[in-house]
1. Would you calculate the separation in nanometres between label points at residue 89 and residue 62, each defined as 7 Å from the Cα along the Cα-to-beta-carbon direction?
2. For segment 10-77, what's the relative contact order in percent, using C-alpha pairs closer than 8 Å and at least 6 residues apart?
3. Just grab the label-to-label distance for residue 103 and residue 45, each label 7 Å out from Cα along the Cβ direction, in nm (one decimal).
4. As a footprinting exposure proxy, order 79, 98 by other Cβ within 10 Å, with the fewest listed first.
5. Restricting things to alpha carbons, find the Rg to Rh ratio for the chain using the Kirkwood radius for Rh.
6. Of all GluC sites (Glu not before Pro) in segment 42-106, which ones are in loop regions per DSSP and have a Cβ with at most 15 other Cβ atoms within 10 Å?
7. Taking H placed 1.01 Å from N in the peptide plane, check which residues at least 5 places from residue 103 or on another chain put their amide H under 5 Å from its amide H.
8. Could you pull out the pairs from 44/81; 24/81; 21/44; 21/99; 32/81 whose alpha carbons sit more than 24 Å apart here?
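No lab work stands behind these numbers, since they all come straight from the coordinates. Quick caveat: nothing in here was measured; it's all calculated off a predicted structure. We place every Cβ from the backbone using ideal geometry, glycine too, and count neighbours over all the protein chains shown.
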Amino acid sequence: MGLRIRRDDLVQVIAGKDRGKTGKVLRVDPKKQRVYVEGLNLVKRHQRATQLNPNAEVGVVEREAPIHISNVMLVDPQTNKPTRVGVSREGGAYNRVTKGSNSKLD
């Protein structure tokens, strides 16, 4: 099954410097168990102009850094509160289910 949080999910950070903030998942790295959340855990990187990508931003650039998956919780679409995610199986297909309101996500 893999990870229970996927791209475009709305999540809330439950630990770290951005605790309590919510955002949309941009990218998931299942091998390292990390997620990139839009507008959260921002870090500054110095970007140099290169010949390979002349249209890239140059200078000091802010971008999202990865957050460990244990430090985020999925926001229940019905209650707008963070909830745990379970998996149910119907007819051979797996569905993600919220533990709070027991509603399907997929």
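1. For the pair residue 89/residue 62, the computed spacing is 4.6 nm.
2. Taking the mean separation of contacting Cα pairs over the length of segment 10-77, I get 36 percent.
3. Placing both labels 7 Å beyond Cα along the Cβ direction yields 3.6 nm.
4. Ranking 79, 98 by Cβ neighbours within 10 Å, fewest first, gives 79, 98.
5. Rg/Rh: 1.09.
6. 57
7. Amide H to amide H, under 5 Å and 5 or more residues apart or across chains, residue 103 pairs with 98.
8. 44/81; 32/81
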